[in-house]
1. Would the stretch 509-523 turn up any residue that is aliphatic (A, V, I, L, M) and crowded, with 22+ Cβ neighbours inside 10 Å?
2. Between a residue in the stretch 153-174 that is farther than 15 Å from F598 by Cα and any residue that is small (G, A, S) and assigned to a helix (DSSP H, G or I), which pairs come within a Cβ distance under 6 Å, given they are 6 or more apart or on different chains?
3. Could you grab me the full set of residues in the stretch 546-573 that are of a type in the set (S, T, Y) and more than 21 Å from W469 (Cβ to Cβ)?
4. Identify the single condition in (1) farther than 30 Å from T311 by Cα; (2) of a type in the set (G, A, S); (3) touching a Lys or Arg at 6+ places or on another chain (Cβ under 9 Å) that G417 does not satisfy, given that it satisfies every other one.
5. Against the condition under 21 Å from T317 (Cβ atoms), modelled with pLDDT of 95 or more, small (G, A, S) and surrounded by fewer than 22 Cβ atoms within 10 Å (Cβ to Cβ), how does S254 come out, does it pass?
6. May I ask you to verify whether G531 is under 27 Å from V423 (Cα atoms), outside any strand (DSSP E or B) and in contact with a Pro (Cβ under 6 Å, 6 or more places away or on another chain)?
7. Just to be sure I understand the filter: pairs with C-beta atoms under 6 Å, separated by 6 or more residues or on different chains, first member in the stretch 593-622 and free of Cβ contacts under 8 Å to residues at least 40 places away in the same chain, second member part of a strand (DSSP E or B). Which pairs pass?
8. Just to be sure I understand, how many residues within the stretch 392-416 are surrounded by 24 or more Cβ atoms within 10 Å (Cβ to Cβ), acidic (D, E) and touching a residue at least 40 places away in the same chain (Cβ under 8 Å)?
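The values are calculated or read from the model by the stated rules, or taken from the named source; none is laboratory data. Computed from a predicted model, the values in this text were never measured in an experiment. Methodologically, a virtual Cβ is constructed for each residue, glycine included, from the backbone with ideal geometry; neighbour enumeration extends over all protein chains shown.
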Amino acid sequence: MKIRIDSKRTLLWGALLSMWTVSSPILAAEVSVDTMLSEGEKHFQVFCSSCHLGAMLEAPKLEALRLYPPSRIVEALESGVMSTIGLSMSKQDKQNVAFYLTGELAEDNRQETHFSCPDKKVSTPKLNIAASWNGWGAEQANTRYQQYETEITPKNVQDLKLKWAFAFPQATRVRAQPVVTPQMTYIGSQEGIVYALDTETGCAHWQYQAESEVRGAVYLHHDESGIPNTLLFGDFKANVYALDAQTGALLWRSNIAYHQLATVTGSVIADKHRVYVPLSSTEVIPAARPDYACCTFRGGLVALDIETGQTVWTTYTTDESQPTGENSVGTKQFGPSGAPIWSGPTLDAKRGLIYATTGQNYSSPATATSDAVLAIDINNGEIKWVTQVTKDDAWNGACVRKTPNCPEENGPDFDIGASAMLVTDKSGKDRLIIGQKSAMVYALDPDHRGKILWQLRLGSGGTMGGVHWGMSSDGQQVYAGVSDLPTNNPYKEGKPQPGLNAIDLVTGKRRWHYAPPNICNKEDKYQCFNGISAAVSSSPGLVYFGGLDGMFRIVDESSGEVLWEFNTKQNIATSNGVQGYGGAIEADGPVIANGLVFVTSGYDKWGEAPGNLLLVFSLEGK
């Protein structure tokens with residue numbers, strides 16, 4: 001039960017106390033409203049304010065935290081991204097912080113709530129058609145190109161209208177990209193609920209509650225006749241799930257966390273026999289604390305049996321960490337570490353390889369596998385070759401806070417957060433295309449151990465990009481968004497060039513650049529910028545992208561001319577009756593399927609505008 005406390009604190013104390021006794025027995029009966037507020041404020045100032053009031057750019061702003069359900073704040077301090085900070089706080093302290101920020105009492109248990117169309121009765125369709133857009137990149141090569149789209153063209157794209165919208169309850173960000181069949185659309189959420197929505201109406205047929213946030217796209221496995229049968233995905237606590245795609249029933253669940261701070265952020269991918277899961281971690285956050293023994297996590301790719309969930313093989317991105325000494329306050333240090341895999345891996349069935357892109361090391365020494373592309377044998381997990389694009393990159397949160405655990409390399413934090421794209425040009429030659437937060441784009445030769453064929457700088461780059469989440473290619477051009485935020489770190493190079501770029505796939509020459517206009521309001525309480533951080537998508541003749549300013553645009557592939565746009569940063573009526581509001585478009589990109597265009601809006605990190613929307617557009621009258 002949640003009890004909203006208004007600013008005048010006019011609720012009767014007796015009624016509040018009786019509700020606490022039933023719903024939150026962990027709270028002491030003697031605790032008063034004023035005490036909870038004052039203690040919550042005190043602990044927030046001591047443990048949280050330095051990050052959330054500006055020192056840690058990634059941390060959500062105070063205004064965004066006030067939109068959170070209190071249970072999410074307690075969970076973050078108990079077992080989530082802020083659990084190491086929570087070690088210094090009692091259960092009551094965490095409850096008080098949540099109460100101070102939200103004015104609500106946190107529940108002990110997550111309450112299951114079903115959401116569907118309030119005014120419609122919709123029967124669940126029988127799945128009999130394959131996915132139109134599957135996983136992160138539409139198909140296993142991760143090109144984010146919808147080659148089969150024939151309804152939406154440059155000539156009629158201006159007729160796109162909002163068909164339906166779905167609002168995720170209690171959400172302040174949406175970063176789990178939808179997977180679409182003509183009958184059902186599947187998508188995860190910040191609250192860990194995976195929804196099966198009717199593709200035509202947006203009505204919810206069923207939902208499944210995972211243990212924690214589902215950040216990546218689900219992957220839809222098909223049987224031998226091409227019928228969807230299994231949903232595969234990971235959550236923030238490094239659990240991997242297989243669900244019956246028709247009913248949402250759990251088939252198996254495996255926890256693959258070999259480190260207490262391991263997490264699944266990137267999207268999974270699968271072939272007939274195995275599901276491949278990328279592992280990253282949150283260890284860069286506690287590393288900012290001088291008393292934290294930094295660092296011991298190492299990135300990995302885990303292959304699981306698709307029928308049982310049993311681990312087939314695990315490939316680590318660094319050697320196991322060893323003691324390296326002590327920091328300036330006497331805390332033990334370890335290395336190597338890090339090189340997490342933030343992105344979804346890319347399958348290359350022809351060569352029997354799976355490609356994973358890595359982030360920076362967390363501690364010294366820096367390794368040859370950070371900021372790199374790893375080509376891994378799909379049968380046994382052996383690393384066949386490595387192409388590193390930035391050497392000597394070791395960085396963690398201590399480098400921002402200027403505390404003792406910052407590695408001697410001190411950055412530049414140039415992760416490859418975007419999935420590799422395996423693209424075939426008109427002549428039949430394959431290229432592996434890589435985009436990096438440095439704002440560099442590379443073409444590698446998969447037939448010559450990842451030899452760099454060309455490279456191109458698109459902007460200044462930095463901690464928040466550069467090329468951040470993903471690109472697209474139609475086999476002729478590469479489409480890359482660049483964020484180049486003004487708050488990027490001091491390692492940025494050259495002049496910022498936020499916007500969208502088209503690059504010749506063969507030569508690596510830039511063909512055009514679209515610079516979005518600045519529509520941001522200086523009075524906006526959230527960070528607003530005209531850069532492009534979210535993944536880009538394309539279909540014949542068209543390129544689709546969302547901006548940090550909340551604008552969703554579609555441009556002509558040959559010129560970059562804007563053909564259609566929609567401002568998602570607004571309140572929107574939804575199919576499930578939950579209040580919907582848009583914000584920054586930051587992570588996942590547009591999905592194009594059978595004349596429909598899907599995009600999510602809202603991102604509460606980096607000080608950006610929160611939101612809770614999945615928006616679906618179709619041609620007028622469709």
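1. No, the stretch 509-523 has no match at all.
2. So the pair list comes out as T172/A64.
3. S558, S559
4. Of everything listed in (1) farther than 30 Å from T311 by Cα; (2) of a type in the set (G, A, S); (3) touching a Lys or Arg at 6+ places or on another chain (Cβ under 9 Å), G417 misses just condition (1).
5. yes
6. Judged against the criteria, G531 is a match.
7. Every condition considered, no pair remains.
8. Residues meeting the conditions: 2.
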